[in-house]
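Trainee: For reference, the structure I am asking about is given below.
The values are calculated or read from the model by the stated rules, or taken from the named source; none is laboratory data. The model shown is predicted, which means the values in this text are computed figures rather than measured ones. Cβ sites come from the backbone with ideal geometry, for glycine too, and all protein chains shown count toward neighbours. Quick note on the areas: whole protein, heavy atoms, side chains included, nothing else; ligands and nucleic acids left out. Shrake-Rupley method; radii C 1.70, N 1.55, O 1.52, S 1.80 Å.
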Amino acid sequence: SNSTYGSAGKRTPKQAKAAREYATTLFKSIPQNSVICFTDGSANPNPGPCGAGVFLFTKPPTITKELSVALGHGTNNVGELFAAGAAAQLATQVCASRSNLKYLYILTDSRLTKDYLDKTAKPKTTATRRLVRAVQRAIESGPELDDIIVKIEWVPAHLGINENEHADYLAGLGSANSKLGRTNANRNDSIRTGNFLPAPD
């Protein structure tokens, strides 16, 4: 809860300590033969130019991949959700090349994203409902994920976790490129086609 872990930039020393302990315990619990995706969203201002970021690595660390997605105008929540869909599809590619992978962990620092995807919270707008359902389908329907156990976990933001900070950087880069008109994805097209991966460079 917020009372236990606080929020990014507003934590007391006690909350920061609890958040670090929570994150450490979570990371230690992730088993071998896992794909781990840190995801993040950014809109600057919010709403405004929007981006999504994914940093993927395997455990043990033999593969790393990253994505920065420029989505045009949107909100931070749009970026957070889009990043989860992109993470699932990037992980599908990795699982296709590695038969020993058994788990996919999508780690988001957005409680709302986790609650939407876990179906413990209901989006209030039609646009958000459509996006959430499309992301859920991307996670559920990846052909290489049929035998993979998928976990969506919340991680506290801005604790100095390098992988999480890099996902934040990639999301911010997507937002910056959106501001410059350099979009490489469109959320409406992604909802329609089911593809969350950005266009090739």
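Trainee: Per residue, what accessible area does the chain have, given a 1.4 Å probe and all protein chains present, in Å²?
Mentor: 50 Å²
Trainee: Let me ask something else about it. So, in nm, how far is label S3 from label Y22 when the simple model puts each one 7 Å beyond its Cα toward the Cβ?
Mentor: It works out to 1.3 nm between the two label points.
Trainee: What order, most packed first, do the peptides 145-158, 69-82, 14-27, 99-112 have when packing is the mean number of other Cβ atoms within 10 Å of each residue?
Mentor: Packing order, densest peptide first, comes out as 69-82, 99-112, 145-158, 14-27.
Trainee: Can you pull the one-decimal nm distance between simple spin-label points at S99 and E153, each 7 Å off the Cα toward Cβ?
Mentor: It is 2.8 nm.
Trainee: Grab the Cα-Cα distance for K65 and A176, subtract it from 0.36 nm times how many residues apart they are, and report the gain in nm with one decimal.
Mentor: Extra length available between K65 and A176 comes to 37.9 nm.
Trainee: Let me ask something additional. What is the distance in Å between the Cα centres of the stretch 1-50 and the stretch 79-100?
Mentor: The two parts, judged by their Cα centres, are 20 Å apart.
Trainee: If we restrict to alpha carbons, what Rg and Dmax does the chain come to, in Å?
Mentor: 15.9, 45
Trainee: Something else about it: Out of H158, N195, I148, whose Cα points farthest toward the positive end of the dipole of the stretch 87-201 (charges: +1 Lys, Arg; -1 Asp, Glu; placed on Cβ)?
Mentor: The one lying farthest along the dipole's positive direction is N195.
Trainee: Hey, what does the equivalent ellipsoid look like for the stretch 9-128, semi-axes from the Cα gyration tensor as sqrt of 5 times each eigenvalue, largest first, whole Å?
Mentor: Semi-axis lengths for the stretch 9-128 are 25, 21, 14 Å.
Trainee: Considering the dipole of the chain built from charges on the beta carbon (Lys and Arg +1, Asp and Glu -1) around the Cα centre, which of G174, G9, A96 is farthest to its positive end?
Mentor: Highest projection toward the positive end goes to G9.
Trainee: Which of the pairs K28/K65; K28/K151; K14/K124; K65/K102 have their Cα atoms more than 24 Å apart in this structure?
Mentor: From K28/K65; K28/K151; K14/K124; K65/K102, over 24 Å: K14/K124.
Trainee: What percent antiparallel are the DSSP beta bridges of the chain, to the nearest 5?
Mentor: Percentage antiparallel, nearest 5: 60.
Trainee: Quick one: if you stick a label point 7 Å off each Cα along the C-beta vector at A127 and D189, how many nm between them?
Mentor: It works out to 1.8 nm between the two label points.
Trainee: A follow-up question, please. From a point 7 Å beyond the Cα of R137 in the direction of its Cβ, which residues of the stretch 164-190 have a backbone N at a distance under 16 Å?
Mentor: Taking a point 7 Å out along Cα→Cβ of R137, the residues of the stretch 164-190 whose backbone N falls under 16 Å are 186-190.
Trainee: Let me know the charge dipole size of the chain about its Cα centre in debye, to the nearest 20, where only the beta-carbon of Lys, Arg (+1) and Asp, Glu (-1) is charged.
Mentor: It works out to roughly 560 debye.
Trainee: Something else now. Percent relative contact order of the stretch 1-86, based on C-alpha pairs within less than 8 angstrom and at least six residues apart?
Mentor: Once divided by the residue count of the stretch 1-86, the mean separation gives 25 percent.
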